[in-house]
Amino acid sequence: MNKILSQDEIEALLSNVAKTPDFEEDIVEEGKRFHIYDFKHPDRISKDQIRSLRTIHENFSRLLATYLSTMLRAMVDVNLLSIDQVTYSEYTMSLSTPASIYVLYSKGLDGKIIMELSPALLLFLVDRLLGGSGDSMVNPREITLIEQNVIRNIINNMIDLLNEVWGQAVDLNCSYQSFETDPQFVQIARSSDTIAVIFVEVKVKNFSYQMNICVPYYILESVLHQLSSQAVIGAKKQITDEDRISLKNTLNATRIPMSVQLAKAHLSIREFLELEKDDVVKLETKTNQELPVLVGGKVKFTCIPGKSGRFKAAKIMDPVTPLGELFYE
């Protein structure tokens, strides 16, 4: 039997509806229960395979940091930022122009891979290799043919490192194919194809540079079953006698600054500002005290100053322990 609601009952129902929590607010408060899924851009690579890719490229970052530190004679820090799945059109649209795009061909996967480096990073590499200090940030510009040839050896070694870390799970066997500065001229996949983009950050001389590696899904599809955590975790490279000799030769050829600290004094800012001509600053070092020897900016030995013929010299006395270094700071 139908019942007609009175005005008071209608208003009561409307007030209850107004008090009902909105679904979107419930999403924010209970956000851990689900995540938004984009059906237009489905994830083609599973979380386990993403973790395997992360492990592979974390190893690549460590090897690259060691290699660049040796080549550039400066401390280089390389960090893996993220691994994303996007369409190829979205990736190319995100690249700036001019870009520095190295197209690699993988015989193992039978397809092309992109290794894109910041033009500022390449200009920094050129500056260091040609004897520059690399202390100033260079405005990004198109890389010339001569500059490409200067850093070609570094790029080839980076490709070798990439082949090495991927060899833990898949025989990548990449080689250099071409260099492009305009993303529109690079077509390694269809615009709608899914690709995996590995973002890496290179830090050197207080500057941060970006690089990324782009791998299309269609060439990964046949080997995704090999990208398991068990396949890539725990794999270690065997160190050969040739590697030991190469490392020894590299260390022997490395030059580091060495200096002797004759004396030091501590002044307040007020005392420093009030200094005038003929003022005397009292030093904290005694005449019969052993002096610290700094190697690479760190105190490693103590010494006694003297002369060797016509030259000033210092006689090394004792090594300084890590705990003893605190005394000189």
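The values are calculated or read from the model by the stated rules, or taken from the named source; none is laboratory data. The shown structure was predicted, so the numbers you read here are calculated from the model rather than taken from an experiment. Counting neighbours? That spans all protein chains shown, and the Cβs are built from the backbone with ideal geometry, glycine included.
Out of all the residues in segment 130-153, which are part of a helix (DSSP H, G or I) and in contact with a helix residue (DSSP H, G or I) (Cβ under 6 Å, 6 or more places away or on another chain)?
Across segment 130-153, the qualifying residues are GLU147, VAL150.
State whether one or more residues within segment 45-68 are touching a Gly at 6+ places or on another chain (Cβ under 8 Å), in a helix (DSSP H, G or I) and not acidic (Asp, Glu).
Checked segment 45-68: no residue is touching a Gly at 6+ places or on another chain (Cβ under 8 Å), in a helix (DSSP H, G or I) and not acidic (Asp, Glu).
If you go through segment 94-110, how many residues are assigned to a strand (DSSP E or B) and either of a type in the set (S, T, N, Q) or out of contact with any strand residue (DSSP E or B) (no Cβ under 6 Å at 6 or more places or on another chain) (or both)?
Residues that pass the stated criteria total 2.
Just one of the numbered conditions (1) in a loop (DSSP other than H, G, I, E, B); (2) of a type in the set (Ser, Thr, Tyr); (3) touching a strand residue (DSSP E or B) at 6+ places or on another chain (Cβ under 7 Å) is not true of TYR91; which one?
The failed condition is (1).
How many residues does segment 202-229 contain that are out of contact with any Leu (no Cβ under 8 Å at 6 or more places or on another chain), under 27 Å from LEU104 (Cα atoms), modelled with pLDDT under 85 and surrounded by fewer than 16 Cβ atoms within 10 Å (Cβ to Cβ)?
Selection size over segment 202-229: 5.
Please enumerate the residues belonging to segment 111-129 that are in a strand (DSSP E or B) and under 19 Å from the mean Cα position of the chain (by Cα).
ILE114, MET115, GLU116, LEU117
Select, from ASP48, ASP77, ASP84, the only residue that is closer than 23 Å to LYS205 by Cα and touching a residue at least 40 places away in the same chain (Cβ under 8 Å).
ASP77
Quick one: PHE185 ticks every box in (1) within 21 Å of ASN59 (Cα to Cα); (2) surrounded by fewer than 16 Cβ atoms within 10 Å (Cβ to Cβ); (3) not basic (Lys, Arg) except a single one, so which number is it?
Here PHE185 meets the rest and fails (1).
Being closer than 19 Å to ARG73 by Cα and basic (Lys, Arg) is the filter here; which residues of segment 100-152 pass it?
Of everything in segment 100-152, those that are closer than 19 Å to ARG73 by Cα and basic (Lys, Arg) turn out to be ARG128, ARG152.
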